[in-house]
Amino acid sequence: MQLWTESLRGRFLVMDGPDGGGKTTQLGALQATLEAAGLEVVRAVEPGGTDTGKQIREILLHRKDLALAPMCETLLFMASRAQLMAETINPALERGAVVLCDRFISATLAYQGALGVDRAMIVSLGETAIGGRWPDLTLILDVPVDVGMGRVGKQRDRMESRGDDYHSRVRDGFCALDEVYPAPVVCVDAVGEIATVSERVLAAVQAACKAEDAC
Ligand code: TMP
């Protein structure tokens with residue numbers, strides 16, 4: 001009998017969600033599990049993940065002296081994404097690795113959608129930026145705003161510095177993602193012990209693989 005993890009070869013998984021949801025920790029745990037099962041895992045991160053993307057990330061998150069119009073912000077995230085697809089994600093998928101990506105178009109829908117950028121337009125721009133290669137599964141690590149922002153601490157980037165109202169709209173955007181997203185999305189409760197959340201993540205990936213609609 002084939003291990004369920006075998007069906008993940010050449011698959012594209014994304015973890016996303018409000019700030020402070022513990023994505024980095026959970027991606028590390030998922031990576032360790034998949035590697036222990038013998039899979040090649042490639043990690044990717046947005047924005048950034050390439051030399052070009054790192055420059056774009058600096059403008060987007062840290063150059064608070066630069067005022068960015070919402071559409072400029074949106075297009076910069078898309079530009080970084082296009083480079084990440086070309087340089088990292090597509091080659092990894094082609095050779096059969098499983099790609100674990102920290103954030104994706106789901107984040108643009110939630111964060112720039114919360115600034116008023118039209119969500120259908122974000123999907124359409126995204127389709128162009130990624131050449132139609134949508135993730136096989138997107139896991140949203142959901143946390144209430146007070147819990148998430150409490151974990152973020154005092155040193156805040158451009159997005160984290162926006163107020164709680166904005167972050168509530170971002171969370172709402174993630175919760176309503178499956179209404180607009182053209183690819184499978186699963187919401188995971190990210191409140192609780194790290195090991196408990198890891199079990200929920202693994203269960204969600206396994207269920208998606210077995211259902212065969214995502215993996
Ligand atoms: P990070 O904190 O997970 O590294 O993500 C960087 C910040 O950028 C985070 O606050 C979410 C935000 N972001 C967007 O606003 N739009 C996007 O498309 C992406 C990928 C991230």
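No value in this document is a laboratory result; all are computed from the given coordinates. Here the structure is a predicted model, which means the values were calculated and not measured. FYI the Cβ positions are ideal-geometry reconstructions off the backbone, even for glycines, and counts take in every protein chain you see.
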Original post:
Which value, in Å³ per residue, describes the convex hull spanned by the Cα atoms of the stretch 64-129?
Top reply: 93
Original post:
Roughly how many Å is it from the Cα centre of the stretch 126-146 to that of the stretch 157-215, as a whole number?
Top reply: 9
**OP:** Using only alpha carbons, build the gyration tensor for the stretch 116-159 and give me the equivalent ellipsoid semi-axes, biggest first, whole Å.
**Re:** 29, 15, 11
Subject >> Summed residue charge, Cβ within 10 Å of L61's Cβ, Lys/Arg positive, Asp/Glu negative >> reply: +2
**OP:** Nearest 5 is fine: what % of DSSP beta bridges in the chain come out antiparallel, could you say?
**Re:** 0
**OP:** Calculate one ³J(HN,Hα) per residue across the stretch 75-87 by plugging θ = phi - 60° into the Karplus curve 6.51 cos²θ - 1.76 cosθ + 1.60, and present them in order as whole Hz with x for glycine and proline.
**Re:** 5, 5, 4, 5, 5, 4, 5, 4, 5, 5, 4, 5, 8
Original post:
Just L76, L13, L100 to compare: in a GNM of the chain, with alpha carbon springs under 10 Å, which one fluctuates most?
Top reply: L76
Original post:
How big is D, in µm² s⁻¹, for the stretch 106-206 by Stokes-Einstein at 4 °C and 1.567 mPa s if Rh is the Kirkwood radius over C-alpha pairs?
Top reply: 88
**OP:** Please list the equivalent ellipsoid semi-axes of the stretch 1-139, computed as the square roots of five times the alpha-carbon gyration tensor eigenvalues, in descending order and whole angstrom.
**Re:** 28, 15, 14
**OP:** Any lysines with Cα under 28 Å of the K154 Cα? List them, leaving off those in the same chain fewer than 8 positions away.
**Re:** K23, K54, K64
Original post:
Tally Lys/Arg at +1 and Asp/Glu at -1 over every other residue whose Cβ is under 12 Å from the Cβ of P182; what's the total?
Top reply: -1
**OP:** Can you spot the aspartates and glutamates whose alpha carbon is less than 18 Å from K210's alpha carbon? Ignore those fewer than 8 places along the same chain.
**Re:** E6, D136, E199
Original post:
In degrees from 0 to 90, rounded to the nearest 10, what is the angle of the helix 23-36 Cα long axis to the longest principal axis of the chain?
Top reply: 20
